[in-house]
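Okay, so here's the structure we're looking at.
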Amino acid sequence: MDEVGRDFDDFVTASSPSLLRTAYLLTGDHGHAEDALQHALMATARHWRTVHTDPVAYTRRAVVNLAKNRWRARSRRVVEVSNPAEPSYGPPDQAVALSQALVGALRQVPYQQRTVLVLRYFEDLSIEQTAEVLGCSAGTVKSQSHHGLAKLREVIGDPADFEEITDAH
């Protein structure tokens with residue numbers, strides 16, 4: 001295998017967990033997240049010679065665009081029925097229950113706001129990096145963050161209620 005192949009393999013191994021988490025938080029579905037990441041990685045591989053200097057940024061943007069396209073296309077398709085609960089392999093611990101409750105709340109935030117929240121707070125991107133990924137201004141990122149956090153607080157409600165959700169699991 002040539003050097004480009006090994007570099008790409010190393011990139012996939014190191015970056016896939018983070019990129020898959022981002023895709024899942026944006027799509028709300030493990031299967032769609034895996035598909036989006038796979039398509040994004042295929043695009044990255046096709047353009048490896050030009051994007052190898054910053055493949056994470058290129059692939060992250062591809063994941064965001066694929067997730068956005070999925071949400072746009074949903075309004076034109078027959079409604080999909082998804083499994084409302086993730087598979088369970090035993091009683092979840094509190095961290096897993098908290099994560100599931102947070103993902104459920106995040107799904108209720110409008111898509112553009114959710115995308116900004118995922119990139120800013122889960123991917124830990126700066127305002128400028130987020131704006132670059134989304135192709136918008138820093139002001140838009142700030143505004144979408146503000147509105148997205150407000151919606152998330154509205155969905156979660158009283159933090160004590162949120163803790164009760166996780167304690168019930």
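Any read-out appearing in this document is the output of simple, stated calculations on the displayed coordinates, not a laboratory observation. What you see is a predicted model, and the numbers here were worked out from it, not measured in a lab. Note that each Cβ is placed from the backbone with ideal geometry, even for glycine, and that neighbours are counted across all protein chains shown.
Mind ranking 25-37, 8-20 by how tightly packed they are, going by the mean number of other C-beta atoms within 10 angstrom, highest first? List each step's numbers first, then the result.
Numbers: 25-37: 19.8, 8-20: 14.5.
The packing order, highest mean first, is 25-37, 8-20.
Assuming 0.36 nm per residue, please report the length gained on full extension of the stretch residue 46 to residue 69 beyond their Cα-Cα distance.
Details: separation 23, 0.36 × 23 = 8.28 nm, distance 2.01 nm.
Contour length minus Cα-Cα distance gives 6.3 nm.
Report the full-extension gain for the segment residue 99 to residue 150: residue separation times 0.36 nm, less the Cα-Cα distance, to one decimal in nm.
Values: separation 51, 0.36 × 51 = 18.36 nm, distance 1.89 nm.
Residue separation times 0.36 nm, minus the Cα-Cα distance, leaves 16.5 nm.
Electrostatic bookkeeping for residue 61 treats Lys and Arg as +1 and Asp and Glu as -1; over the other residues with beta carbon under 12 Å from its beta carbon, the sum is -1.
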